[in-house]
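The values are calculated or read from the model by the stated rules, or taken from the named source; none is laboratory data. Source: prediction; values computed, not measured. Reconstructed Cβ throughout: ideal geometry from the backbone, glycine too, with neighbour counts over all protein chains shown.
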Amino acid sequence: MLKQHVVLSMEQALTMTYATERCVHLGWRVIRVEPTPVPGRTSKGDPNRYIGRPIAGEDRHSYYIGPNTGKEAIAIDLKQAAGRELVQRLVSELNVDVFCTNTIPMRHAKLGIDYDTLRRARSDLIWCSISAMGTAYPKVPGYDPVLQALCGFMDLTGHPDGPPLQSGVPLIDLKAGDEAFTQILLALMERMTTGQGKQIDISMAQVAVSWLLTFLPMLDMGSPPSELKRAGNEHRQFIPVNAYRTSDGFIYVALGSDAQWARFIESPMFSSLNEPRYATNEGRRAHKVDLHRAIEAITRQHPSAQVDEVLAQAAIPHSPITPIENVSSLPFVESTMLRTEAPDGRTVRLPPPAVSTEHLERLNNKLPFSPAYGESTDALLQEVGLPVDEIEQLRAQGVVA
């Protein structure tokens, strides 16, 4: 059985909450630190608590639930010295292995959560920050769509004659979270050998540009920018790869080789496309406008199910466009989904983990519901040795909530 590492995370929004949720999937203890209430502001803590439909009280709305199941929550005012001392005490007394934050870096030292400060509480602490452009750019804030715009993603997404578009999924938030999770695992492995902690600095912008692996190098190898820009649903290099209208919807077809093309045109439905100019990928790319139009002229005459059957027989990669409300019913999803139970007793389905774990199997894929604001404050402070009267005093002073 893997060690239950302890993660203390000053997190909000999505990118770091997703990273630490992956730690939950491994059976680690994750404690999220949120600020105490701000005078004059009705919402408390992570703004994501109030996004979506209300599920459990005023501070647990639907957008917040998924990335925060199985966690604990404590509210501390880090603007006060007593609050900063509490974080040091939590790190020391709970043997915190990993401290995480996606607070803007310019605030790290002021709040007492910078690496140099926290490693005084535990010398071998793994410290991880996610920010827009890393600690080298401490004043730069950032959200996923802004970084999609900055890093060229929107110039690649959408139809050629349409506006730039963001991805429907917050790719950069999730990619940065995955990278933080990976680097934390590597740092813990290194610590087993060296006994040393580590400072991990994740730049969402650098993470995003790292994914342009098949785009940026091509600009230095003869491809004009126009060849790489928005291409709708088609692939820029492999032809035909595109979404085609059927008589009752759409179907996505992806041919990645000349061998697949040969099987494709052997089927009676598409045999009329057996022309010399389409025999190679480069030929198909040179005549892609005609080819896309010809394929759709055929698929529009048939229902999606019939086209699906033909493509399956020819072993051509393809798929109908699954409505988001039907994804949970896909067999490979349904069998691996997680779930949690809301306070009112309803079952909430959660996406499967990226990789199934023994810990989740032991839990029968069920995680505790996401914590209310400050839900674990008293329990955690008592765990590190504070008596009840001292906790009440800290609450009266606004140090905890």
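Checked across region 74-92, the condition of being crowded, with 20+ Cβ neighbours inside 10 Å, in the same structural domain as residue 143 (by TED's automatic domain parsing) and of a type in the set (Gly, Ala, Ser) holds for at least one residue.
Restricting 246, 182, 194 to those that are more than 30 Å from the chain's Cα centre (by Cα) and under 24 Å from residue 129 (Cα atoms) reduces the list to 194. Annotation: residue 332 fulfils all but one of (1) without any contact (Cβ under 8 Å) to a residue 12 or more places away in the chain; (2) within 19 Å of residue 235 (Cα to Cα); the unmet one is (2). Against the test of being of a type outside the set (Ser, Thr, Tyr), modelled with pLDDT of 95 or more and touching a Leu at 6+ places or on another chain (Cβ under 7 Å), the options 240, 217, 268 yield a single qualifying residue, 240.
Within region 1-29, the set of residues being in a loop (DSSP other than H, G, I, E, B), among the hydrophobic types (A, V, I, L, M, F, W, C) and touching a Ser or Thr at 6+ places or on another chain (Cβ under 9 Å) comprises 2, 26, 28.
May I ask you to list the residues in region 275-329 that are without any contact (Cβ under 8 Å) to a residue 12 or more places away in the chain, among the β-branched types (Val, Ile, Thr) and not in a helix (DSSP H, G or I)? Listed by number, the list holds a single entry, 322. Among the residues here, residue 374 does not qualify as modelled with pLDDT of 95 or more, surrounded by fewer than 17 Cβ atoms within 10 Å (Cβ to Cβ), among the small types (Gly, Ala, Ser) and over 17 Å from residue 21 (Cβ atoms).
Evaluation of residue 63 against the conditions (1) surrounded by fewer than 21 Cβ atoms within 10 Å (Cβ to Cβ); (2) in a loop (DSSP other than H, G, I, E, B); (3) at pLDDT 95 or above shows that the sole unmet condition is (2). I'd like the full set of residues that are touching a Ser or Thr at 6+ places or on another chain (Cβ under 6 Å) and either polar (S, T, N, Q) or not in a strand (DSSP E or B) (or both), limited to region 66-99. 67, 68, 69, 77, listed by residue number. May I ask you to list the residues in region 366-401 that are part of a loop (DSSP other than H, G, I, E, B) and over 28 Å from the mean Cα position of the chain (by Cα)? Scanning region 366-401 gives 384, 385, 386, 387, 397, 398, 399, 401. Quick one: in region 1-11, of everything that is at pLDDT 95 or above and more than 14 Å from residue 181 (Cβ to Cβ), which residue is surrounded by the fewest Cβ atoms within 10 Å (Cβ to Cβ)? My answer is 6.
Here region 120-152 is the region considered, the condition is being under 16 Å from the mean Cα position of the chain (by Cα), more than 17 Å from residue 101 (Cα to Cα) and hydrophobic (A, V, I, L, M, F, W, C), and the residue that is surrounded by the most Cβ atoms within 10 Å (Cβ to Cβ) is 147. Would you please name the residue that is surrounded by the most Cβ atoms within 10 Å (Cβ to Cβ), looking only at residues in region 333-371 that are under 21 Å from residue 27 (Cα atoms) and acidic (Asp, Glu)? Filtering first and then ranking leaves 341.
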